[in-house]
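Just below is one structure, and these are the notes that go with it.
The values are calculated or read from the model by the stated rules, or taken from the named source; none is laboratory data. Bear in mind the structure is a predicted one, so any value in this text is a computation, not a measurement. Note that we place each Cβ from the backbone using ideal geometry, even for glycine, and neighbour counts take in every protein chain shown. Just the protein is used for accessible areas: all its heavy atoms, side chains included, with ligands, DNA and RNA removed. Shrake-Rupley method; radii C 1.70, N 1.55, O 1.52, S 1.80 Å.
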Amino acid sequence: MKLMPIKEALAGKRVVMVDDSIVRGTTTGQIVKMLFDAGAADVHVRITAPPITHPCFYGIDMADQSQLVAAHLSVEQIRTLIGATSLGYLSIDGLSRAVGLNRDQFCLACFDGKYPIPIPNQVKMSKFALELPLAEAR
Ligand code: SF4
């Protein structure tokens, strides 16, 4: 409901859609389809973060690894999944340059799996224990 493509602005245009992340890929795919349905000739998706391949155990509520699309598919496979003309992510080095900090100055665990503070196995196992598997939740 919050996204209202304006056909007059999109019809026949080559569109670049910028988003902050792709987690499961379902929402991005719906937006790409919406833009094509509104008449866009191309939809080029650019993500302002590297691919999310690992879950966060430090407080950000995100899907477990089995649901993270970039944990299982290549960039080209994700492009096909979301139906975009092209797909590009910011690299980890690009992210570092964009924020003006060295990559060892902040957590990158959801992008590279290197957790700066070790995650006890019990935490790994319990974080998602109360969540229904995706298929059951639908
Ligand atoms: S960068 Fe670190 S703290 Fe931030 S969401 Fe990713 S894993 Fe969590």
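Some notes on this structure:
- A simple spin-label model places pseudo-atoms 7 Å from Cα toward Cβ; at residue 80 and residue 62 they are separated by 2.4 nm.
- The chain shape via C-alpha gyration tensor axes, a/c threshold 1.5: oblate
- The H on the amide N of residue 17, modeled in the peptide plane, is under 5 Å from the matching H of 44, 45, 46, each at least 5 residues off or on a different chain.
- Accessible area, probe 1.4 Å, largest first, for residues 89, 58: 58, 89
- Neighbourhood charge, 12 Å Cβ-Cβ cut-off, centred on residue 17 and excluding it, Lys, Arg +1 and Asp, Glu -1: +1
- Prolate/oblate/rounded call for region 1-72, Cα gyration tensor, a/c under 1.5 rounded: prolate
- Separation between Cα centres of region 41-60 and region 85-104, rounded to whole Å: 11 Å
- Here the chain has 58 percent of its accessible surface on carbon and sulfur atoms, given a 1.4 Å probe and all protein chains in place.
- Calculated from backbone phi, Karplus (6.51, -1.76, 1.60) coupling profile of region 23-38 in Hz, x at Gly/Pro: 9, 8, x, 5, 5, 4, x, 5, 5, 4, 4, 4, 5, 5, 4, 7
- With the helix formula -39500 (n - 2.57) applied to DSSP H stretches of n ≥ 4, the chain reaches a computed 222 nm mean residue ellipticity of -8000 deg cm²/dmol.
- With the gyration tensor restricted to C-alpha atoms of region 45-99, the semi-axes of the equivalent ellipsoid amount to 19, 17, 8 Å, longest first.
- Phi-derived couplings, Karplus 6.51 cos²θ - 1.76 cosθ + 1.60 at θ = phi - 60°, listed residue by residue for region 62-76: 9, 5, 6, 4, 5, 9, 7, 4, 6, 6, 10, 10, 6, 4, 5 Hz, with x used for Gly and Pro.
- Note that region 80-86 has calculated 3J(HN,Hα) couplings of 4, 4, 8, x, 7, 5, 8 Hz, one per residue in order, obtained from phi through the Karplus relation 6.51 cos²θ - 1.76 cosθ + 1.60 (θ = phi - 60°); glycine and proline are x.
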